[in-house]
């Protein structure tokens, strides 16, 4: 592998993407800033609507040439900007799904002037019709009761009954609460369960996943756990150290032990990074 693979680069994505060879990436999977005003250590999530959409178009146009001809893209968005960004992407790719991630937010609190928002939107796009997709790798097994109920002769030997069903486009997976075993110090960290499903379905074993906005490194960790390679960028030096600490922790460690190891390493590394951070203030902080 080349020197840009299996690396989390602490730099602005627009600058770093120029070093990635065109046609070298199997899957782009990323969770960029939503422009909701969150604090990622810079102003990347606090732009005007016009500036945010222009920046989004700029990084998409820089990233898409890196995909192989049969490559795919998964992009996390909020409902506030999904319509505009989906239209932008439809001019460049084919949209396969709008996936709704139900974060399982408790039924309390929220606005008194609108319905509470409890989901993220994920766009699944491909470059051409023969895109890579391995459904069997992400099928959801049927329970014993369901299998028993399908006992009629027409079901006997049916592959789908044995290997499970196709995940729907509504994914109900809990957000990472403060005490969750995976949780690290990042405000919008995504669950490994979701990221691993995307990688297993849309990146071949040994392939390369690109995440221009690595955040706490969830995409990199999920790729490594799934037998894939990764590369990507993160502007915030403290988040870079958290990502590297997660990658340095034993992948097969028990969740609580792994979490303790990551936090211990990341706490020390983050303090050092914060004290010595000379990272440029260009936009590009992440949400992954």
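If the condition is being more than 18 Å from the chain's Cα centre (by Cα), buried (at least 18 other Cβ atoms within 10 Å of the Cβ) and closer than 26 Å to residue 81 by Cα, then segment 15-34 contributes only 16.
Look at (1) touching a residue at least 12 places away in the same chain (Cβ under 8 Å); (2) in a loop (DSSP other than H, G, I, E, B); (3) farther than 29 Å from residue 15 by Cβ and you find that residue 116 fails only one, number (1). What do you reckon, is residue 167 without any contact (Cβ under 8 Å) to a residue 40 or more places away in the chain and touching a strand residue (DSSP E or B) at 6+ places or on another chain (Cβ under 8 Å)? Against the criterion (without any contact (Cβ under 8 Å) to a residue 40 or more places away in the chain and touching a strand residue (DSSP E or B) at 6+ places or on another chain (Cβ under 8 Å)), residue 167 qualifies. Just to verify a result, which residue in segment 165-178, among those that are modelled with pLDDT of 90 or more and in a loop (DSSP other than H, G, I, E, B), is nearest to residue 117 (Cα to Cα)? For segment 165-178, the residue satisfying everything is 173. Residue pairs whose Cβ atoms lie under 6 Å apart, separated by 6 or more positions or on different chains, with the first residue in segment 242-254 and on the phi < 0 side of the Ramachandran plot and assigned to a loop (DSSP other than H, G, I, E, B) and the second buried (at least 19 other Cβ atoms within 10 Å of the Cβ) and modelled with pLDDT under 75, are 249/262. Among the residues of segment 107-114, is any on the phi < 0 side of the Ramachandran plot and in contact with a strand residue (DSSP E or B) (Cβ under 8 Å, 6 or more places away or on another chain)? No, the conditions are met nowhere in segment 107-114. Would you confirm, using the coordinates I've provided, whether residue 169 is surrounded by fewer than 24 Cβ atoms within 10 Å (Cβ to Cβ) and over 27 Å from residue 69 (Cα atoms)? Considered against the rule, which asks whether it is surrounded by fewer than 24 Cβ atoms within 10 Å (Cβ to Cβ) and over 27 Å from residue 69 (Cα atoms), residue 169 comes out as no.
The values are calculated or read from the model by the stated rules, or taken from the named source; none is laboratory data. Owing to the predicted nature of the structure, the values given are computational and were not obtained by experimental measurement. Note that we place each Cβ from the backbone using ideal geometry, even for glycine, and neighbour counts take in every protein chain shown.
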